[in-house]
């Protein structure tokens, strides 16, 4: 089962992401941003970094890469796509996920461990977590403040599209955007969302940087394993057909 990890000019978490998915048993391969197809990948991950230097704003140039046309087609056909940090920003700019990622309320780059809690355990990205509990993993971004208008936020809540929220160590979620547990001031403490169809997801924290105990936490491996297991099931159901292009 193959997982494709997109590499843009400026990506800097691609090797970490490839390693995490290989540890989870996947055949993880890089996908260069100029590639017109996904090389038969059963799932696609957009990793963290600074695609195209984050010029103009994070993710806005990367959305026009040739590979993103293939990613959009893959997602439209039900393919599994995960965006991590900068990858989440790219998916939001490409309108594959709702909302926008704005400058952190502090107007400073934030890099530290945080806790997040899953709001759903029945998705391809959370199925291995097992229970709603705090997961420890790092954030590293300058534009991670999740924003949408109130009507959109209410619709996301009603549809179950809020996938993760920032949390305190006891698992409670802060209501005040300025609470220290909310590292960037995201509205409603949203750390990750999922598409209406349930096959595209994004989050600002880095599960690939919390995939082994030596990194201080292996909670992120639960997300990685979730995607690998879900993609493997879909690939097996599809038989010899190659899901993500040639």
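The values are calculated or read from the model by the stated rules, or taken from the named source; none is laboratory data. Source: prediction; values computed, not measured. A quick note on method: Cβ atoms are made from the backbone with ideal geometry, for glycine too, and the neighbour counts reach across all protein chains shown.
Once segment 205-231 is narrowed to residues that are touching a helix residue (DSSP H, G or I) at 6+ places or on another chain (Cβ under 6 Å) and assigned to a loop (DSSP other than H, G, I, E, B), the residue that is surrounded by the fewest Cβ atoms within 10 Å (Cβ to Cβ) is 219. Of all the listed residues (24, 20, 41, 70), the sole one being within 16 Å of the chain's Cα centre (by Cα), touching a residue at least 24 places away in the same chain (Cβ under 8 Å) and crowded, with 16+ Cβ neighbours inside 10 Å is 20.
Against the numbered list (1) in a loop (DSSP other than H, G, I, E, B); (2) surrounded by fewer than 20 Cβ atoms within 10 Å (Cβ to Cβ); (3) at pLDDT 95 or above, residue 240 comes up short only at (3). Please tell me if residue 84 is farther than 23 Å from residue 223 by Cα and either touching a helix residue (DSSP H, G or I) at 6+ places or on another chain (Cβ under 9 Å) or surrounded by fewer than 24 Cβ atoms within 10 Å (Cβ to Cβ) (or both). Taking the combined requirement at face value, the residue does not satisfy it.
Taking every residue in segment 155-176 that is without any contact (Cβ under 8 Å) to a residue 60 or more places away in the chain and pairing it with any residue that is in a helix (DSSP H, G or I) and surrounded by 14 or more Cβ atoms within 10 Å (Cβ to Cβ), at least 6 positions away or on another chain, the pairs with Cβ-Cβ distances below 6 Å are 162/156; 165/189; 166/189; 173/189; 174/189. If you filter segment 51-67 down to residues that are outside any loop (DSSP other than H, G, I, E, B) and more than 18 Å from residue 97 (Cα to Cα), you find that the one that is modelled with the highest pLDDT is 66. Counting just the residues of segment 74-88 that are part of a helix (DSSP H, G or I) and touching a residue at least 60 places away in the same chain (Cβ under 8 Å), which one comes out farthest from residue 123 (Cα to Cα)? Here the residue is 86. Could you list, in sequence order, all residues of segment 124-139 that are surrounded by fewer than 20 Cβ atoms within 10 Å (Cβ to Cβ) and touching a strand residue (DSSP E or B) at 6+ places or on another chain (Cβ under 8 Å)? Hits for segment 124-139 are 129, 132, 133, 134, 136. For segment 95-108, the candidate set comprises residues that are in contact with a strand residue (DSSP E or B) (Cβ under 7 Å, 6 or more places away or on another chain) and part of a loop (DSSP other than H, G, I, E, B); within that set, the residue that is surrounded by the most Cβ atoms within 10 Å (Cβ to Cβ) is 97.
Per-residue answers, yes or no, for (1) surrounded by fewer than 24 Cβ atoms within 10 Å (Cβ to Cβ); (2) at positive phi; (3) in contact with a helix residue (DSSP H, G or I) (Cβ under 7 Å, 6 or more places away or on another chain):
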| site | (1), (2), (3) |
| --- | --- |
| 149 | yes, no, no |
| 152 | yes, no, no |
| 165 | yes, no, yes |
| 174 | yes, no, yes |
| 178 | yes, no, no |
| 182 | no, no, yes |
| 187 | yes, no, yes |
| 198 | yes, yes, no |
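Within segment 4-31, the set of residues being in a strand (DSSP E or B) and touching a helix residue (DSSP H, G or I) at 6+ places or on another chain (Cβ under 7 Å) comprises 5, 6, 7, 11, 28, 30, 31. Residues of segment 53-63 that are touching a helix residue (DSSP H, G or I) at 6+ places or on another chain (Cβ under 9 Å) and either closer than 23 Å to residue 222 by Cα or surrounded by fewer than 22 Cβ atoms within 10 Å (Cβ to Cβ) (or both): 54, 57, 60, 61, 63.
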